[in-house]
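Peer 1: To start, I am sharing the structure in question, which I have written as structure tokens.
Just so you know, all these numbers are worked out from the coordinates, no wet-lab data involved. Treat the numbers as computed from the prediction; the structure is a model and nothing was measured. Neighbour counts are summed over all protein chains in view; Cβ atoms, including those assigned to glycine, are modelled from backbone coordinates with ideal geometry.
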Amino acid sequence: MKAFGKERRTVIDKVGITEDTLTGRAGLSLFVKYLAGIGVYSELEFFFGSLRRNRKGQPIREIFKQLFCFFMDGSSRHLTHFDALAQDEGYAAGIESAPSSMLSSHAVKRFFQSFSHVRVWLFRRLLQRLFIWRLCLEAPEVVMLGLDTMVMDNDDAKVRHGVRPTYKKKRGFQPLQLTWENLIVDAVFRRGDAHSNNGDTVKHMIRHAVSRIRRRYRAEVPIVVRMDSGFFDQKLFEVFEKLGVGYICGGKLYEPVREYVGGVDPEAWGRHENGRQTWRFLEFAYQCGNWRRFRRTVYCSPLYEDRQMRLPFERPDTVVFTNLGMGGGIDRQLSEAGRTDLLEPKSIVANYHERGADELVHRAFKDFGFEQMPFKQFFPNVAFYYVMAAAFFLFETFMRDVCAPEIGVAAYASTVRRRLIDVAAKVVSTGGQIILKITRATCERLNFMELWKRSLAPPPIVPG
């Protein structure tokens, strides 16, 4: 640049203070508009409105809005960060809150400590209602659910009620989570030593999920659940079969199974290729010693991985049990939905190995939030976990409804924060309006005006 025939100086000589209202989290304004547009605040008031016992306290919608933005921002995992945010007028303006309404760390702690063992389960109702909202919106022909546990490593944290040794040899918590696509649609927060099929938790979770899907979405929709060998249990299989739900579950490699497979003619094996991986599989019926019936069994062994042939002694063989293709009600439902391909053994093998996509949901959840819980008492940590899970659900739907295709829906939260949330802006009030001003380069790079329009008109949550 030139100025009066001379180059303009670009060296900063000193630092000053501005009285302008500035924010470094302009992207949060899109998220806040989205939350209001889908009507989630009315749902929160319905479930948790009774928590507000004094009019002097902050409204429930304001508390949850700031908590959701805290998780969406992801700048800190410490509750003391709320004290810093309370002093930042630019942050308050960006999330449409008055500076006097900003929560302190003490207020946040009191809020979570007010949850009892009864009230925390209302979060599951909230997640289930959000799930039905997305089902009705996307209308899948088959509801494919994933069931698994997720280890939350609290090994280096101070004493926490419920922290126990997990199967990963780390002390922590191990919540049971039901997933659909990239969403956590139901969860039970549990101590670390609670194994996959601990107690009757899984049975009750599946019964509630199936009942809600068939009452609120569609009565005859086929439902299939994918699970690993931690859920290998005849009693659990009988629950699925009684409900008319399909299951694909990993099994135990018992010696009779190995002996049978070893004696089968190699010509009887099938072959399945999926991208860079190749498996061979064998289908048969098997009945464990104390089972009351035979079940369809598919034994599979990987041959190639990334074009590299695997030798027999180092192939991680797996055996899969399923009720698909056994003539039950789920077969009829899949046939009416035009998905008889899911009954084929190749599809069963592929679906079982696609459980890796279900586990990616847990990885994305940890990237969005954090594993270490802030409280020593169990139930405040339960409430904290569920708020984080609800925030993660809303983050994922925000990606689908607002950010796509400018930002891919598969992007992790760390990427979204870097590209969209951490945007500088100036908040000005003029002509009776409050205006968020960003640079032209940022607006064009993100197509920010289009994102703003989408955040103002998202699909609302279905009532009930």
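Peer 1: Hey, what do the phi angles of the range 71-77 turn into as Karplus ³J(HN,Hα) couplings, whole Hz, using 6.51/-1.76/1.60 and θ = phi - 60°, x for Gly and Pro?
Peer 2: Each residue's phi maps through the Karplus curve to give 6, 5, 5, x, 5, 8, 9 Hz.
Peer 1: Right, another one. Go through the range 94-101 residue by residue and turn each phi into a ³J(HN,Hα) via Karplus (6.51, -1.76, 1.60, θ = phi - 60°); whole Hz please, and just put x for glycine and proline.
Peer 2: x, 9, 6, 10, 6, x, 6, 8
Peer 1: Projecting each Cα onto the charge dipole of the chain (Lys/Arg +1, Asp/Glu -1 at the beta carbon, about the Cα centre), which of 429, 462, 54 comes out farthest on the positive side?
Peer 2: 54
Peer 1: Now for a separate question. Determine, for 180, 291, the number of other Cβ atoms within 10 Å of each Cβ, and report the residues in order from fewest to most.
Peer 2: Ascending number of Cβ neighbours within 10 Å: 291, 180.
Peer 1: Residue by residue through the range 133-147, which ³J(HN,Hα) values in whole Hz follow from phi under the Karplus form 6.51 cos²θ - 1.76 cosθ + 1.60 (θ = phi - 60°), with glycine and proline marked x?
Peer 2: 4, 6, 4, 5, 6, 9, 6, x, 6, 10, 9, 9, 9, x, 10
Peer 1: Report the charge-dipole magnitude of the range 119-368 in Debye, nearest 20, computed about the Cα centre from +1 at each Lys and Arg Cβ and -1 at each Asp and Glu Cβ.
Peer 2: Details: 42 positive and 33 negative charges, 269 e Å.
Magnitude of the dipole: close to 1300 debye.
Peer 1: As I understand it, the value is the acute angle between the Cα axis of helix 234-243 and the longest principal axis of the Cα atoms of the chain; what does it come to in degrees, rounded to 10?
Peer 2: Compared with the principal axis, the helix lies near 70 degrees.
Peer 1: Long-range amide H contacts for residue 187: which residues qualify at under 5 Å (H placed 1.01 Å from N, peptide plane, sequence gap of 5 or more or a different chain)?
Peer 2: 178
Peer 1: Could I ask something else about it? Amide H to amide H, which residues 5 or more places from residue 172 or on other chains are under 5 Å from it, using H placed in the peptide plane?
Peer 2: 154, 164, 166, 192
Peer 1: Rank the residues 152, 102 as a footprinting-exposure proxy: fewest other Cβ atoms within 10 Å of their Cβ go first. Don't jump to the answer; show the numbers that get you there.
Peer 2: Numbers: 152 24, 102 21.
Least to most surrounded, the residues fall as 102, 152.
Peer 1: With +1 assigned to the C-beta of every Lys and Arg and -1 to the C-beta of every Asp and Glu, and no other charges, what is the dipole magnitude of the chain about the Cα centre in debye, to the nearest 20?
Peer 2: Value, rounded to 20: 1400 debye.
Peer 1: Any of 203/252; 426/453; 235/366; 109/437; 170/252; 33/437 with alpha carbons more than 26 Å apart? Name them for me.
Peer 2: Working: 203/252 20 Å; 426/453 19 Å; 235/366 32 Å; 109/437 34 Å; 170/252 24 Å; 33/437 16 Å.
Where the Cα-Cα span goes over 26 Å, the pairs concerned are 235/366; 109/437.
Peer 1: In which sequence would 414, 229 go, from the one with the fewest C-beta neighbours within 10 Å to the one with the most? Kindly include the intermediate steps, with their values, before the conclusion.
Peer 2: Values: 414 12, 229 15.
Least crowded to most crowded, the residues run 414, 229.
Peer 1: Ok, one more. Which residue, chosen from 132, 322, 260, occupies the Cα position most advanced towards the positive end of the dipole of the range 119-368, where the dipole is computed from +1 (Lys, Arg) and -1 (Asp, Glu) charges on Cβ about the Cα centre?
Peer 2: 132
Peer 1: Tell me which residues come under 5 Å, amide H to amide H, from residue 328 once H is placed; ignore anything under 5 positions away on its chain.
Peer 2: none
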